[in-house]
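These notes concern the structure reproduced below.
Computed from the coordinates by the stated procedures, all read-outs in this text should not be read as laboratory data. Computed from a predicted structure; not experimentally measured. Every residue, glycine as well, gets a Cβ built from its backbone with ideal geometry; the counts of neighbours run over all protein chains shown.
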Amino acid sequence: MTNFGSFKILFQMLKVKNVGRKHWNNSSSWGMVEVMHNVLLNVTKATLAFVAYTNISIDEVKTINNTQWLSIHLYVVQAWKRIPILLYVETIRVLATFDNIFALMFEACLDFGGLGLEELGAKLVGMGCDGSNVF
């Protein structure tokens, strides 16, 4: 990414904010990340709106520094190919109980996948969970 000039037109087309005129600046990388996040979010929502079925995998882990993380993966099939979607990875800021983790799962499906509770219920064909202390 040292060749600024070759990326400048792309960033302007994608409407990346705070791109310098002749060189990278302190906020260039955040602008790129925000644009990439929005593109990925739109692609994920479009993919999940199109598919008939999905499968969810949830894993809650505790790291060596005693921080709890939740990851949510969705799997869909398009053109007979299994497509994995990493929907959510975040630290758990509430007590990691069954109710709280499922509330986070539903919130992530709506916010990052565009799937409301009713639509998720209609498309969900399987679910895998790890963490016997919670599930």
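Where in the range 27-81 are there chymotrypsin sites (Phe, Trp or Tyr not before Pro) that are in a DSSP coil and have at most 13 other Cβ atoms within 10 angstrom of their Cβ?
Values: sites: W30, F50, Y53, W69, Y75, W80; in loops: Y53, W80.
When the chymotrypsin sites (Phe, Trp or Tyr not before Pro) of the range 27-81 are filtered for loop state and at most 13 Cβ neighbours within 10 Å, Y53, W80 remain.
Can you pick out the pairs among K45/K123; K15/K45; K45/K81 whose Cα atoms lie more than 24 Å from each other? Please list the in-between numbers first.
On the way: K45/K123 14 Å; K15/K45 21 Å; K45/K81 18 Å.
Flagged as over cut-off: nothing, all pairs pass.
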